[in-house]
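Report on one structure; see the data block that follows.
The values are calculated or read from the model by the stated rules, or taken from the named source; none is laboratory data. Treat the numbers as computed from the prediction; the structure is a model and nothing was measured. Every residue, glycine among them, receives a Cβ derived from its backbone with ideal geometry; neighbour counts consider all protein chains shown.
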Amino acid sequence: MILSTSPTSVSHKEERMSSRAETHDTRSEGTIAATVSSTRLRGVARAADYHRSEDEQNATEVSARVTYEPKAIVFACNWCSYAGADLAGVSRMQYPTNIRIVRTMCSGRFDPAFVLRAFEKGIDGVLILGCHPGDCHYIEGNLEAEKKVTTTRRLLEALGLDSRRLRLEWVSASEGARFANLIKEFTENLRNLGPTPLKGGK
């Protein structure tokens, strides 16, 4: 017995198969589109996170620069420079307060180890103040200090530190205004240099 299939029946089957294929294709296209869209969104999100992180880091660095106040130690000779500092205080002259003055009997008492120890402890700069040449109470103590400072500055450069963090100046007992101006200038220079690289080691 031979079964015959009518053309109409075949046509319906073909239409159903075609419809299923189209539905499958549509679903596949939708899945691909959704995957691509999701990938793009993740990429955008990662880019946004990267830029946000970069912006936050920049803001932190700017904030640190704005709020940064350098710390300095001043070694002042007893006979001239310390008296000059005292005159500045008595005369109510304004100068930065983020310094610590250490009185020494002579600027020649300065030792390179003092500077290295100060930087090790997180100090940003060291200022040596002595009598003007020819006025040293110990004849040539200030000239000895000058030699030591020159040698120490070379040592700092060898260690990767800016030699401008160490400075030698002459201040007499009558130069209170000069003392105040030197402190302002030195502090501003340190602020521009930023924190010492050894800051984290204190």
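Out of all the residues in the range 92-101, is one or more under 13 Å from residue 75 (Cα atoms) and of a type outside the set (Lys, Arg)? Give the derivation first.
Narrowing the range 92-101 to residues under 13 Å from residue 75 (Cα atoms): 99-101.
Filter once more, keeping what is of a type outside the set (Lys, Arg): 99, 101.
Checking the range 92-101: at least one residue is under 13 Å from residue 75 (Cα atoms) and of a type outside the set (Lys, Arg).
Suppose we keep only residues that are part of a helix (DSSP H, G or I) and small (Gly, Ala, Ser) within the range 185-202. Which one would you say is modelled with the highest pLDDT? First the steps, then the outcome.
First, the residues of the range 185-202 that are part of a helix (DSSP H, G or I): 185-193, 199-201.
From what is left, the residues that are small (Gly, Ala, Ser) are 200-201.
Working: 200: 54, 201: 47.
Top of the filtered list is 200.
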> Of everything in the range 112-125 that's among the small types (Gly, Ala, Ser) and buried (at least 18 other Cβ atoms within 10 Å of the Cβ), which residue is farthest from residue 69 (Cα to Cα)?
Replying inline: 118
> Among the candidates 116, 182, which residue alone is assigned by TED's automatic domain parsing to the domain that holds residue 76, touching a Lys or Arg at 6+ places or on another chain (Cβ under 9 Å), closer than 17 Å to residue 73 by Cα and not in a loop (DSSP other than H, G, I, E, B)?
Replying inline: 182
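Mind listing just one residue for me: the one in the range 145-162 that is of a type in the set (A, V, I, L, M), touching a helix residue (DSSP H, G or I) at 6+ places or on another chain (Cβ under 9 Å) and not in a loop (DSSP other than H, G, I, E, B) and, of those, surrounded by the fewest Cβ atoms within 10 Å (Cβ to Cβ)?
Residues of the range 145-162 of a type in the set (A, V, I, L, M): 145, 149, 155-156, 158-159, 161.
If we keep only those that are touching a helix residue (DSSP H, G or I) at 6+ places or on another chain (Cβ under 9 Å) too, we end up with 145, 149, 155-156, 159, 161.
Add one more test, that the residue is not in a loop (DSSP other than H, G, I, E, B), and what stays is 145, 149, 155-156.
Numbers: 145: 25, 149: 21, 155: 14, 156: 19.
In this case the residue turns out to be 155.
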> Name the residues in the range 126-144 that are touching a residue at least 60 places away in the same chain (Cβ under 8 Å) and crowded, with 24+ Cβ neighbours inside 10 Å, would you?
Replying inline: 142
>> Being closer than 19 Å to residue 183 by Cα, assigned to a loop (DSSP other than H, G, I, E, B) and not charged (D, E, K, R) is true for just one of 123, 101. Which residue is that?
In response: 123
> Taking the stated definitions as given, is residue 175 of a type outside the set (S, T, N, Q), surrounded by fewer than 19 Cβ atoms within 10 Å (Cβ to Cβ) and assigned by TED's automatic domain parsing to the domain that holds residue 108?
Replying inline: no
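Which one of these is surrounded by 13 or more Cβ atoms within 10 Å (Cβ to Cβ), charged (D, E, K, R), at pLDDT 95 or above and on the phi < 0 side of the Ramachandran plot: 165, 109? Break it down into steps so the answer makes sense when it comes.
Numbers: 109 fails: at pLDDT 95 or above.
Criteria check complete, one pass: 165.
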